[in-house]
Every structure is written in C-alpha cells, then in structure tokens.
Amino acid sequence: MSNDQHTDHDRLSSEQTAEVATAETTVPPSDERTTDLRPGADNCYKCTACDTSCPVAEVDDEFPGPKFQGPEQWRLKRSEDTDIDDSIMSCSNCMRCDSACPSGVPLSQMHNTARGEYVEGMSKLSREYVRNRILANYGRLARLGSRVPRLTNFVMGNRVTKWFNEQLLGITSEREFPAFATQTFREWYDERGGSKIESEDRRIAYFHGDYSNFNTPEVAKALVRVFESFGYEVAVPEQRCSGTPMFANGMLEDARRAAEFNVQTFSKLIDEGYDIVCSCTSCSMALRQEYPELFDFEDTELVATHTYEAIEYLRLHEDLDEAISETELEDEPALAYHAPCHARNQGLHRQALELLDELEGATIEDVGDSCSGISGTYGWKEEKYDYSMEIGEEMFEEMEDAAGTTGLTECPTCAMQMEHGTGYEINHPLELIEKALV
Amino acid sequence: MVNAPTVLVIGGGSTGCGIARDLAMRGFDITLVEKGNLTNGTTGRMHGLLHSGGRYAVADQASAKECIAENRILRDIASHCVEMTGGLFVQRPEDSGEYFRNKLQGCRECDIPTTVLSAAETRAKEPALAEDVERSIAVPDGAIDPFRLCVANALSAQRHGARIETHAEVTDVLVEDDTVVGCNVRHHTGPGKRTHRAPGTTEEIRADYVVNATGAWAGQIGELAGVDIEVRPSKGAMVIMNVRQVDTVINRCRPKGDADIIVPHETTAILGTTDKEVDDPEGYPEEQWEVDLMIDELSELIPVLRESRSIRSFWGVRPLYEPPGTGTADPTDITRDFFLLDHEERDGLAGMTSIVGGKFTTYRLMAERISNHVCEQFGSKADCRTAEEPLPGSEDFEVLRDHMEAFGLRSPIGRRSTQRLGSRAEEVLTTDGPNPVLCECEAVTRAEIQDAIDQSGTDLNAVRIRTRASMGNCQGGLCCHRMANELHPEHEEPTVRTALDELYQERWKGQRHALWGEQLSQAMLNHVLHGTTMNRDHDPARQETLDFDAFDTGIERTRASDGD
Amino acid sequence: MAISDDVIVIGGGLAGSMSALSAAKAGASVRLISHKESTLRHASGLIDVLGYPTEGDQPVVNPFDALDELPDEHPYTVVGESGIREGLALFDEITGDLYAGTHTDRNALVPTQQGTVKPTARYPRSMAAGIGNDRETLLVGFESLPDFDAPLAADHLEAVNVPFASRGVTVPFPADLRVDAKYTRFATALEREETTAALAETVESHLDGAERVAFPALLGRDNDGSVRSSLESHLGVSVFELPGGPPSLPGLRLVDRLSEALDAAGVHRSTGVPVVGRETAGDRVSSVLVDRGNHTPHPYHASEFVLATGGLVGKGIDSDRNGVHEPIFDCHVPHPKDRYDWFCGDAFGDHPFARFGVVSDGELRPVDAQGTVEHENLRAAGSVLGGANIAAEKSGSGISLATGALAGRLAAEAI
C-alpha cells in the first residue's frame, strides 16, 4: 500500500508502462475580453443527452434546456451580440449536463459565463439582482449572523422576517433558515489549539466552506478527527466562500474575488506539502473545475490538481475501505443516502455507498439518481420554490420508501432539501466514519 | 409598359438575378431561367466576402476601385445580407514588409479607408490570431450572404413583374436569320415552383433579346447559339468551419496565393481558397490536398484552426475570361474584370449578349452595365435605380432590430431570424400556430421554413439557401426530416420523401470532405438516426410489399399460429 | 491499492452494462467506470439483432437464419449464435416485464415515427400494440413537436403497404407549454391525470372507428406505462408508442432499468469520470488511470478488463485527419490510409467508417495488425468492436448484448 500516489507513479518498474491519453480540455479563459466559448460548440453533435438529463427542463418549460443555453446560443453569437436570453437565470447550475454530454461540450462553463454576462447587464437595483446577490453572498451574512447566533436564529425564524423576505426580496417563506451554531468550527478549532497532529508527509489543508463553519461545525469537526486518526496534520487556513452560489447567480466578480483569495492562500500550502481536502462536494467542484474554467490566476491549476473530497482522499491515500470493514457500529439507525449532483462529475457519486456498505451495523439505502432540487440557492427563490420541490419529489418519495428515517448526504443544501421534504435528520458520511473509526 | 420588350435572362446567379431586377425595374418584360435552383452555380459557391477592394489594391486597381464603390452601395441596399465585419490584412514575420507598404499605398490610391494596427491592437481585435503576427491593415471588408442576396434580387424582380423559372434548363438557343429569338427550355418538374415527382415539360420561350449570364457555363450556351466563348473556369476550394474563430475577415498580407483568407460567414467561418483551371465547370476533382492545404496554411494565422471542427467543404468555379489571344498561362494572373460580349458586334449574331468574368462584389455594377447595353438596343432611356432602391428585406432594417423579440422567440433565435429576414421579419414570423424551431443549429423556425416553401415549392435545397436550415453542425441530421414534414399535406407523401432524400444527399456531398473527428462522429450519429431508428436506408415503401405475416405478428397471434 | 476489483468494465452503455451484469452473475466483483451518459439516451429503445445482413433491401424474417451471410470479421461471427442467445437471455432476464419479443426468433416490423417499419428482435411493451395486426390505426402528433408529422407518417405507412389502415392527425399538446419545452417536460406533463384526460378527449373526436392509437414515444417519463393505460381506458382502444429520437424516452427508460439491475447485482460504479490511460505489466493490463476531475489520474486495479466505450458516437473510437484510433489502450483500428476512402458517395452507402472499430480474437480480446492479442486480460464489447455496419444491418443492440454478455462472463471466468 502506497501512501503517496505520485511517487507510486514515478516508481513504475521497468516492465510497467503507463500511458495517458490527452485529457479533455476546456477553453482557457482570457482576461482581455469576454471569454469566447464558441469553439466549445464544436463538440456538440445535437444528441440531446444534456436536455434529457436536465432536472429543471423536466419541470419548467420556461427553461429551454442546456443545449440551447450552451452550444446553440454560443454558436449563434457574433462578437457584437451581447444579449443573453433571460432564461439563463432558470438554470440551477446542478451541472448534470456536464456529466451527461458524451461529446465533451463545456456546458456549465458556457452557462456560467453567459449568466455572468447576463447579470452584468441587469439593473443593480432590481429585486432579482439584490436578492441573488444576498443569496450568493451567504457567507458574508453568516459571518455577521453567527456573532449573535441565538438572536439571528430567532429573527430568521420569525414569521415577520420570512414574510418580509418573500415580499421584499423574493426569498421563499416556505423554508426555514438554517440555524447558526453557537460556536463556529473555526472557533472550536482555535480553542482546541489547532491540529493535534504534526506531520511532515501527511498534511492536508481543509477547505471547509462557509456552511460547515457556521451551520454544521459537527461535520467539520468530524473531518478533523477522522484525518487525525489517520495521522494527518490538518491545517485550517483563512478562506472565503468557494464561489458556488456566486457562479449559480452570475455574480462572477464576487466569485473572482473569493476565488483569488482562496487560490493564493491554498497554493502557498501546497508548496509546503499540503493537499487540499473538502467536505462539501460543491466546494471541491468549484476548486477543481469551475476555477480553472472561469479564472486564470497564477496557480489556479495547481490548486485544482491538489484538491480532493475528504472520503475520496482517504480511499486513494489510505486504506479507508479496509479500516471501515474492520470496525462496526451499534444501534445505528438505517440511513437514506442521496448523492449530490455535483458529486457525479467528480466520480464521487457512489463512493459513500460503496464504502459504508462495508461497515457492519450500518444500513444504507440509495434513494436514486434524481436531483434533490434545491441546487444551492435555486430552491430559495420564491419563484423557483415550486419547481425545486417538484424536482425533489422523486427523492422525497424514495426517502419515504426507504427503511431509515435518517438521511445522509455530502452536500449541505441537498441536506436542507432532504430535511425540508421529509422532516428527517440529515447526516454527513464523515460523521458516520467518525463514529466508526474515532 | 405596354408592349414592353421581352428579355430572356439565362442564369440564376447573382449577375442573372441582378440583371433581371435591373431590367424589370426599368420596365422590361423579363423571364429568367436557371437550370438548378438560384445560386446553383458560382454564386452559391463563394466565400461570402464583400470586398473592400483591398485584395486588388496592388495588382488590379481598377477592380479595387469598383469594389469599394459597390461595397458602399451594397451595405445600403442589401443591409440584411451584409455584415460589416471589417477586414484585416495581417503580416506574419515571414511576410514581406515591402508588400505591406505597397498594400497600404494601393488602398490609399483607390480610396479604400485604412488603419494600420500594431501587433497588440491586431490581437486585441482578433484574439485567435497567432501570437507572432506583426501588424495589420484594417479595411472595410464585409461578409455577405450570396444566397439571400440573390434570392432578394429575384424577389424584387418578381415584384416588378419578372417571371423566375428555376430548374429550367436551356436545351437550345433559337436562331432565326442570324438573330437569337429565344430558347427551348426543359422544366424538370413543370413550370412554376418545383414539385418533386411532377412530370417534366418543355417550353419554347421567345424573346426580343437574350442575355447569357451563365458565368462559367457561358461557353455551353454559346455553343448552343453557335458562337465561341472562351471562358476559363478556375476552381477554388473553400472549407467551412463549424463556428467563427474570428469576427473579422482575415487576409494574409502577401502577394496572391492559395489559402490566404478566412471570412466569418453567418454562424461559420469559411477558409479559402485555391485557384486551378479546370476544363468542365461541373466535372472536376474535389481533392483532399486542397482541404488539408486550407487548414494547414491558415493555421499559421489562426492556430486554433488545426484543432477546430470543419463541417464541410465546397468548390466553386470562377467564370474567368480573357479576350482571345491574351494567353495568360497561370489562372491566378487572369484578370478579374468583366466583359460584355455583344455577339452581334463580335460574331454577327444579333439578339444576344453574354457577360463573363467579374466577381460577386460587383454583380450589381455588371448588371447595370449590361442593362444599359440592353436599353441601348431598344432605345430605352430608363435610368438604373438598383444603387438606390433597397432590396426586399433591407427597406427598414434598423427599425426592426429593436423589435426582434416581439415574435415570442428566445432572444438569440429572434435575433438570428431578424438578421436573416431583415424587414420581412414581421411578415414572416407573425403566425397563429405554434412556431417551433426546426433547425436548432441555425435557429430557423417553422414560420421561416414555411415562407421559404411558399417561394420555392418542394425544393428543400432552395428552402435551405433561403433560411440556412440544415447548414449547421449536424448538417441536417436532426432537421432535414422536420423540414420535409412541413411540405405535407400540401404535397403528397412520395413527393415529400423524394424531396427529403434529395436534401439529405446534398448535405452528405459536402460533408464528406470534413469526415474526421467531430464531424465523423456527427456523420455516424446521423447515419444511425436515419438508418437504425428511421430505417430510411431500407425504406420498405421503396420495395415490393413485405410479407408481414411471416414476421412476428404479436404475442398472441404468433403463439396461435406457430404453436411455440 | 485502495480501489481494486476483479473486473473493471469501461463504458456504461448497453454493452458495458451487459458486461458488468454478466461478470457479476458469474461471481466476480465488478466495477463499471463510465464517463458520460450513454448513447442509449438517444437510441430508439428497440433491440435489433439483425434486419439486413447483406446489401439487399428485404429484411430477414429470422436473424438466426442469416448469420451465415455475415463476413468473418463480424462480431456475430466471433460470438456465434450461442453468444447472441446468451446476450438476449440476459437482457430478457433484466427487462422481461418491460420488453416483448421473447416469444419468437422472428423479427417484428415495428412502425416508426417516420412512417417506415423496421425489423427488430425486442421492443418495449409500450410499442407492442403496434405489431402485426390489421386493426385500423390513428396516428396522433402534436403541433409543437416537428419531428413527427402524423398524417405524413400515416401516408408513409400506406406506401409501405402495412396490413392495417392508418390515418394521422395533428393536435395541440394538451397542456400549456412553450413550444421549445423539452421532451422530458412533455412526458412528465402527460403523467398528470388531467393532461391525459384532456388528450384523450381531443383524440376521441378523431377516432372515427380506429381500433388503436399511436403517439410519439413520450407517454410518460418512467417505466410504469401508466400514461398509456390511462389513455387506453379513456379511449377504449389500445394505445402504443412510435419509436424516434433523439431524444428517446424508451432509451431513457432502458437506461433506468439497466441502472437498477446493476445496483441489484452489486456492481460498483464510478460515474462521471474518464479513463485516460492504463498501466501494464508485461502483456497484461494492471490498472486503468482514471481522471477524477482534477487532472490527477489515479489507478483503478483489476485482474480483468472489458473495453465497452462505444464507437464513433460514443467516442470509444476517435479520429483525426490522419487516422482512426482507440484512445485508451491504443488498440489497433484497421482503416484505409486515405481518409477519402472512409466513406462512399451515397449518403446511405456501405460506408467503411460505419465499420470502424477494434478487431478481436475468438474470446473478444482486441488484436493488433498482426493478429496478436494486445493484452491477455483485455476484452472488448459493443460498438468499440468493428466489422459491422450497425446502422444498415440493424444490429447495434444485438451486438452489444451478445459481446457484452460474453466478454463479461469470460472476464469473470478468467480470474
């Protein structure tokens, strides 16, 4: 068992050869003018796999589907054409079209870029813009709110506040705002004195994102403890939002600032031998795929190639499967697992199931391939709420049919939707792994 | 006009249609015959460059001056066919600085506006250009859609009373007393709009005057009339890229040569070209080396071309002509000027003039000159109005640009439809029923297809050139059956089937030159869709009746009859 | 090595799924690695075995009678009749309630949206009412769906001389959807009872004695057939779907079914990630390198491998101006040197490109130009195999079933 995959490659013995085909390339972004993604349309052969994989197009006929929004709209563009069809704002950025396209069209890159252009032309005073900006910048609000978590939780749960949000901002009153933890993950980490382990060759830099810092610190804590149990030093550098909600709302300038900060901070740590690990599959998606597609800071690629999802990292670098199969849990309730859409494009779609299948005492049931429907901020928008619930219906039904009444997923907003649709408590696989191993 | 002189124009290319329009506007009674559909010959097979004249500014200043003058006129009268992309003459390190200076000087002498751009300015304008380009000259080149331009001329001619007959081939030129008095014409499927499977007919069309505007085919018509016209057809290859790599016409700034231009054309970019003399304007080889040469040479200017998808290639034949005895050896040295050959003066055959040579950008001027010549024959003093009067679709284009979302279409579809239809957009796109997009690559709706069918009958290739439907990356794989569906019920099923087959085969023909990478995958997808799913390749309607009872007849009946 | 299985199957289409299921059935631990959605999503959903073995225009009644006519390099010649039957048997086991055609070896002539009929071996039950009887048929199309023109298709069926009378009618879609709504949207809209009822009411006025009604294949997104039964009970006549596409809901439904079967068989699945290379030890493949989205390929280990990455459409076979290749293992793909010899002049000619693919030995192992096995433990299945013009023959699905089932079983047996 090798602990270092890179040297494992370097050590290929003389009778071993490795050959890697050229990886699929995306169009490198250029800062000089708006990125020209028309060449991406060269890959499209009009098969409609993207359209039939799109959960929004299945419930909302205002959305003309990823093929139109992506390769077709780009191909029709002349340099002076600046108008983007407003239906781009109906895309939820679940990125299923990316994992659908058999021909390598950079669909989500096209959507993100078009959305950015559309938003640039939007009135900055419009209700939709203000609302989207607020939703996209959840982290900043959370930073304020979590200073007085109990008060914030009280206010946000207040019916008057919710009415106000819906009427004035177009944020649905149907959902409960996630409660802020009384102690953030970072506060906890500082209080315990940082990493309990110091190591030269096993060190990770944790990208926790805003949500597990402010709302679900137990997930972040689980990550720290699990990695420490494998002998890893866990650094928790300063960081901003990954940008996921900003991409989804076309707030590319906000995203650019956040991404630049993250790339700068984390690339320094990579130079010191750290790999980047995320507990949220949308965060890892942002660092791995969206950053290189949309920005070209120095070291964007370096950060992308060194970013992993937490369980993925341990499966690749440690024998997590073996460790899990050697332990057992007692009195564990049956779990209904939902794989987040963003996990799909990273090959992580089924890893939690595969892994926890080996864990004695745990009963995990997959609730199917459907999208949860919330897609980050999408399901928070008053005008999208019904669509969001309609998309989620299949998952809700499968959850109801499953044996367990506790949910399991890697994505914090999928978790919100699962809880919202069924009332179940939702856990993160890391919490289960922590229970089993630590 | 009572007893207006009748003029028969042979050839439905830009020149022929331009002549038909000009003379019809001057009150003549015009019939135009074309053996294929409009643009069938050279017009439909060019790269779509609206010359600024810059390309001729060093070697042929007379042509250059005509080009810039006509360029200004066409921007005005055919705004819905023209996109003023601007053009660049780009100098690479290995290109001569002296030639660059000559080009600049030449342009100035010909009144062609120029701006010299530094390397950085050049690449800022067109980021796809190679990093090592040195500088460029910006000129007012443009892109023009020859199909729509030609169709608009024909439409205008019709509005002025002309009769336009496509798929009407001249089988004989009638000569009586050393005078041409008309032609015998074979209508492939009868006169009027084309209807596949309708029987062919013949017609004798008599006229007071005949104009031979058949370009590279002029010699063949001359032969029927018993005169010798020495056209020297020269073929040029053009490669169509799936998307625009550039939004400006890019010319290589060096003396004439192959593969030195890329023209952004509608949704695509067209690479051109070669120049090789051929014997027969219809029978010449279309070769792999020509396609490879375009891509390899032009990649020096635009490196991404090497990795980019081509969707098809096509060849055109220039109708080059030089007066007998000139004897130029290299076709690239033959003049691009045009010539009026009055056969009465030249050959003692009255009643007919041929027009040969020339180039697309000056089609209107050529039409004006020959129309003047025809007027002289009849003592008519009518003035040419084609330089001022806009073509149908360009009457009030700017106003419509602001209203293109009014048709309930997604904005890029509305935008493209309006770019194509110009001021006809409202008339065409206002419909009662659902108006789905039939060709998704080119954003063509049912209403626009129906409008084109109204103009051209069951000829789906004529529908294609009017709308660009089936000209995108799937090359009709996903839409040509949708286009054919629109012919029904006005036309019967077997007619529709034949029309569909013809379009599908035409699309295949050009696509064959792009069969690698993405386009080969597309071809296989189309093949599977039309073969496996639709079974069009073995369409049982074409065969003897199948013995249905021999096949699986359903669960119950099979069990009952087989006992298995 | 963290990720290791007995058998790795690369490619998640029909052939890959069959390989994985077949290997799992034979007792192996199997991982299926798929990059993108498979081409099944835009295929008709019909399972053809063989319709036209040679250039002749008459379809064969019984595919098994025509196998002798196929060339030596044809995948069917490699797997033989028993291989085809093994593939069909596995398919029937998985889809028995969803597909019909098991009652006979004979081809069915299924009416299509184009108004042709096409020979096929297995067809979704939703299409079964359209097979071989003389009941008068009403074809119903929708104004906003331009792929299918029902009156034209009905006239085309008349030209085919089908043994039943047919008429066509075009109606508005019974729900207020934008014209560019996606097929999945139309299909899910029909899952609402009020939409189905409204459709039935519209169609009823056009029935005029028709004994069955055909719609384009969008009667519901899922496999339960409830939209069809609801229409049948409203109309009092049988209802069936006509295959078409892309997109193709019958194809999507088959994808769903295969996915359920893979889960039930305990097949490990890594989706959304490409295999970008391989590691070899001697003449064996030791691992395939998987790019997990951060361009840092990781090895996935197994003792046996099945290549089921598809043909030119599925991108298991790739080409450029200079040649044709198989990108993962660089297996030999025979093709004419001159690219102008890859195609014929006629759009429906017997194109050499339609036969592009790897060549295998009798155990489906790809061989090089000299006929030597490329890797001892690598097998190929489905459209990545060359030698068949699947579009002309109507043999694509059958080849995927047969070679998939056999490659999977042989891989499992070789462990």
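Would you mind stating whether C:H42 is open to solvent by 40 Å² or more (accessible area, probe 1.4 Å), within 19 Å of the chain's Cα centre (by Cα), within 14 Å of chain A (Cβ to nearest Cβ) and closer than 27 Å to B:M524 by Cβ?
Values: open to solvent by 40 Å² or more (accessible area, probe 1.4 Å): no; within 19 Å of the chain's Cα centre (by Cα): yes; within 14 Å of chain A (Cβ to nearest Cβ): yes; closer than 27 Å to B:M524 by Cβ: yes.
Answer is no for this residue.
Checking the condition under 19 Å from C:E232 (Cα atoms) and buried (at least 24 other Cβ atoms within 10 Å of the Cβ), which residue from C:L157, C:L139, C:L98, C:L109 passes?
Numbers: C:L157 fails: under 19 Å from C:E232 (Cα atoms); C:L98 fails: buried (at least 24 other Cβ atoms within 10 Å of the Cβ); C:L109 fails: under 19 Å from C:E232 (Cα atoms).
Just one listed residue meets the conditions, C:L139.
What single numbered condition from (1) part of a loop (DSSP other than H, G, I, E, B); (2) acidic (D, E); (3) touching a residue at least 40 places away in the same chain (Cβ under 8 Å) fails to hold for A:E358?
All conditions pass for A:E358, except number (3).
Starting from residues that are charged (D, E, K, R) and open to solvent by less than 60 Å² (accessible area, probe 1.4 Å), keep the ones in the range C:319-349 and report whichever is farthest from the other protein chains (Cβ to nearest Cβ). Can you show your working first?
Taking the range C:319-349 and keeping what is charged (D, E, K, R), we get C:320-321, C:326, C:330, C:337-339, C:341, C:346.
Checking which are open to solvent by less than 60 Å² (accessible area, probe 1.4 Å) leaves us with C:321, C:326, C:339.
Values: C:R321: 5, C:E326: 10, C:R339: 6 Å.
By that ranking, first place goes to C:E326.
Checking the conditions here, which among A:E238, A:E174 is within 30 Å of A:S108 (Cα to Cα) and in contact with a Ser or Thr (Cβ under 8 Å, 6 or more places away or on another chain)? I'd like the intermediate steps shown before the answer.
Values: A:E174 fails: in contact with a Ser or Thr (Cβ under 8 Å, 6 or more places away or on another chain).
Matching residue, one of A:E238, A:E174: A:E238.
Let's see how each residue does on (1) assigned to a loop (DSSP other than H, G, I, E, B); (2) open to solvent by 20 Å² or more (accessible area, probe 1.4 Å); (3) in contact with a Cys (Cβ under 9 Å, 6 or more places away or on another chain); (4) free of Cβ contacts under 8 Å to residues at least 40 places away in the same chain:
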position	(1), (2), (3), (4)
B:T328	yes, yes, no, yes
B:L340	no, yes, no, yes
B:Y363	no, no, yes, no
B:V374	no, no, no, no
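Output yes when any residue across the range A:361-369 is without any contact (Cβ under 8 Å) to a residue 24 or more places away in the chain and either aliphatic (A, V, I, L, M) or part of a loop (DSSP other than H, G, I, E, B) (or both), and no when none is. Step through it out loud before you land on a result.
Here is the first cut: in the range A:361-369, the ones without any contact (Cβ under 8 Å) to a residue 24 or more places away in the chain are none.
Among the residues of the range A:361-369, not one is without any contact (Cβ under 8 Å) to a residue 24 or more places away in the chain and either aliphatic (A, V, I, L, M) or part of a loop (DSSP other than H, G, I, E, B) (or both), which makes the answer no.
Return the residues of the range C:165-191 that are over 22 Å from B:H488 (Cβ atoms), more than 28 Å from the chain's Cα centre (by Cα) and within 11 Å of chain A (Cβ to nearest Cβ); say none if nothing qualifies.
The answer is C:A175, C:D176, C:L177, C:R178.
Can you find a residue in the range B:20-30 that is open to solvent by 10 Å² or more (accessible area, probe 1.4 Å), farther than 22 Å from B:C81 by Cβ and touching an Asp or Glu at 6+ places or on another chain (Cβ under 7 Å)?
No: the range B:20-30 contains no residue that is open to solvent by 10 Å² or more (accessible area, probe 1.4 Å), farther than 22 Å from B:C81 by Cβ and touching an Asp or Glu at 6+ places or on another chain (Cβ under 7 Å).
Step by step: first the residues of the range B:451-467, then only those that are surrounded by fewer than 24 Cβ atoms within 10 Å (Cβ to Cβ) and of a type in the set (D, E, K, R), then the one that is nearest to B:H80 (Cα to Cα). Which residue is that?
My answer is B:D451.
Mind telling me which of the residues C:L50, C:L90 ends up being in contact with a Ser or Thr (Cβ under 7 Å, 6 or more places away or on another chain), in a loop (DSSP other than H, G, I, E, B) and at pLDDT 95 or above? Full working, then the answer.
Values: C:L90 fails: in a loop (DSSP other than H, G, I, E, B).
Among C:L50, C:L90, only C:L50 is in contact with a Ser or Thr (Cβ under 7 Å, 6 or more places away or on another chain), in a loop (DSSP other than H, G, I, E, B) and at pLDDT 95 or above.
For every residue, the table says whether it meets (1) at pLDDT 95 or above; (2) within 14 Å of chain C (Cβ to nearest Cβ); (3) closer than 20 Å to A:N427 by Cα; (4) surrounded by 19 or more Cβ atoms within 10 Å (Cβ to Cβ).
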site: A:V219; (1), (2), (3), (4): yes, no, yes, yes
site: A:L223; (1), (2), (3), (4): yes, no, yes, yes
site: A:Q289; (1), (2), (3), (4): no, yes, no, yes
site: A:V303; (1), (2), (3), (4): yes, yes, no, yes
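Between A:D369, A:D319, which is open to solvent by 30 Å² or more (accessible area, probe 1.4 Å), of a type outside the set (F, W, Y) and within 22 Å of A:M285 (Cα to Cα)? Outline the logic, then answer.
Numbers: A:D319 fails: within 22 Å of A:M285 (Cα to Cα).
None of the others qualify; the one that does is A:D369.
Checking the structure you have, find out if any residue of the range A:97-108 is over 25 Å from A:R344 (Cα atoms) and either touching a Leu at 6+ places or on another chain (Cβ under 7 Å) or in a helix (DSSP H, G or I) (or both). Let's see the steps before the verdict.
Keep residues of the range A:97-108 that are over 25 Å from A:R344 (Cα atoms), which gives none.
The answer is no, given that none of the residues of the range A:97-108 is over 25 Å from A:R344 (Cα atoms) and either touching a Leu at 6+ places or on another chain (Cβ under 7 Å) or in a helix (DSSP H, G or I) (or both).
In this structure, does C:L32 turn out to be out of contact with any strand residue (DSSP E or B) (no Cβ under 7 Å at 6 or more places or on another chain), under 27 Å from C:D361 (Cα atoms) and either open to solvent by 20 Å² or more (accessible area, probe 1.4 Å) or outside the structural domain of C:D222 (by TED's automatic domain parsing) (or both)?
Details: out of contact with any strand residue (DSSP E or B) (no Cβ under 7 Å at 6 or more places or on another chain): no; under 27 Å from C:D361 (Cα atoms): yes; either open to solvent by 20 Å² or more (accessible area, probe 1.4 Å) or outside the structural domain of C:D222 (by TED's automatic domain parsing) (or both): yes.
It is false that C:L32 is out of contact with any strand residue (DSSP E or B) (no Cβ under 7 Å at 6 or more places or on another chain), under 27 Å from C:D361 (Cα atoms) and either open to solvent by 20 Å² or more (accessible area, probe 1.4 Å) or outside the structural domain of C:D222 (by TED's automatic domain parsing) (or both).
Show me the helices (runs of 4 or more DSSP H) entirely contained within the range C:182-296 in which 1 or more residues are in contact with a helix residue (DSSP H, G or I) (Cβ under 9 Å, 6 or more places away or on another chain) and among the basic types (K, R).
Working: elements: C:183-190, C:193-207, C:226-235, C:249-264.
Answer list for the range C:182-296: C:183-190, C:226-235, C:249-264.
Of all residues in the range A:45-60 being within 26 Å of the chain's Cα centre (by Cα) and assigned to a loop (DSSP other than H, G, I, E, B), which is nearest to the other protein chains (Cβ to nearest Cβ)?
Initial filter on the range A:45-60 (within 26 Å of the chain's Cα centre (by Cα)): A:48-60.
Applying the additional criterion that residues be assigned to a loop (DSSP other than H, G, I, E, B) yields A:48, A:54, A:60.
Numbers: A:T48: 4, A:C54: 7, A:D60: 8 Å.
Of everything passing the filter in the range A:45-60, A:T48 is nearest to the other protein chains (Cβ to nearest Cβ).
Looking only at residues in the range C:144-164 that are facing chain B (nearest Cβ under 7 Å) and over 28 Å from B:A550 (Cβ atoms), which one is nearest to the chain's Cα centre (by Cα)?
C:D147
Go through (1) surrounded by fewer than 22 Cβ atoms within 10 Å (Cβ to Cβ); (2) under 18 Å from C:A43 (Cβ atoms); (3) away from chain A (no Cβ under 14 Å) one by one and return the number of the condition C:E201 breaks.
Unmet condition: (2).
Run down A:I311, A:I324, A:I276 and say which single residue is more than 21 Å from the chain's Cα centre (by Cα) and either assigned to a helix (DSSP H, G or I) or assigned by TED's automatic domain parsing to the domain that holds A:S199 (or both). Working first, answer last.
Numbers: A:I311 fails: more than 21 Å from the chain's Cα centre (by Cα); A:I276 fails: more than 21 Å from the chain's Cα centre (by Cα).
One residue alone meets the criteria, A:I324.
Output the number of the condition that A:G250 fails; it satisfies all remaining conditions of (1) in contact with a Phe, Trp or Tyr (Cβ under 7 Å, 6 or more places away or on another chain); (2) surrounded by fewer than 20 Cβ atoms within 10 Å (Cβ to Cβ).
Looking at each condition in turn, A:G250 falls short on (2).
Hand me the list of strands (runs of 3 or more DSSP E) wholly inside the range B:1-107 holding 2 or more residues that are farther than 24 Å from B:D260 by Cβ and over 19 Å from the mean Cα position of the chain (by Cα). Walk me through it before giving the result.
Details: elements: B:6-10, B:29-33, B:87-91.
In the range B:1-107, the matching strands (runs of 3 or more DSSP E) lie at B:6-10, B:29-33.
Can you pull out the residues in the range B:290-309 that are part of a helix (DSSP H, G or I) and within 24 Å of the chain's Cα centre (by Cα)? Let's see the steps before the verdict.
First, pick out the residues of the range B:290-309 that are part of a helix (DSSP H, G or I): B:290-298, B:303-307.
Across the range B:290-309, the qualifying residues are B:E290, B:V291, B:D292, B:L293, B:M294, B:I295, B:L298, B:L305.
Each row is one residue, and each column tells you yes or no for (1) within 15 Å of C:E393 (Cβ to Cβ); (2) in the same structural domain as C:S226 (by TED's automatic domain parsing); (3) in contact with a Pro (Cβ under 7 Å, 6 or more places away or on another chain).
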site: C:Y52; (1), (2), (3): yes, no, yes
site: C:P63; (1), (2), (3): yes, no, no
site: C:L70; (1), (2), (3): yes, no, yes
site: C:H74; (1), (2), (3): yes, no, no
site: C:S82; (1), (2), (3): no, no, no
site: C:T95; (1), (2), (3): no, no, no
site: C:N107; (1), (2), (3): yes, no, yes
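Any idea which of C:G310, C:G316 is open to solvent by less than 10 Å² (accessible area, probe 1.4 Å) and assigned by TED's automatic domain parsing to the domain that holds C:A388?
Values: C:G310 fails: open to solvent by less than 10 Å² (accessible area, probe 1.4 Å).
Going through C:G310, C:G316 in turn, just one is open to solvent by less than 10 Å² (accessible area, probe 1.4 Å) and assigned by TED's automatic domain parsing to the domain that holds C:A388: C:G316.
Of A:M95, A:M122, which residue is of a type outside the set (K, R) and open to solvent by 10 Å² or more (accessible area, probe 1.4 Å)?
Working: A:M95 fails: open to solvent by 10 Å² or more (accessible area, probe 1.4 Å).
Checking each option against the conditions leaves just A:M122.
The values are calculated or read from the model by the stated rules, or taken from the named source; none is laboratory data. Just so we're clear, the structure is a prediction, and the values are computed from it rather than from any experiment. In this analysis, Cβ positions are derived from the backbone assuming ideal geometry, glycine residues included, and neighbour counts consider all displayed protein chains. Quick note on the areas: whole protein, heavy atoms, side chains included, nothing else; ligands and nucleic acids left out. Shrake-Rupley method; radii C 1.70, N 1.55, O 1.52, S 1.80 Å.
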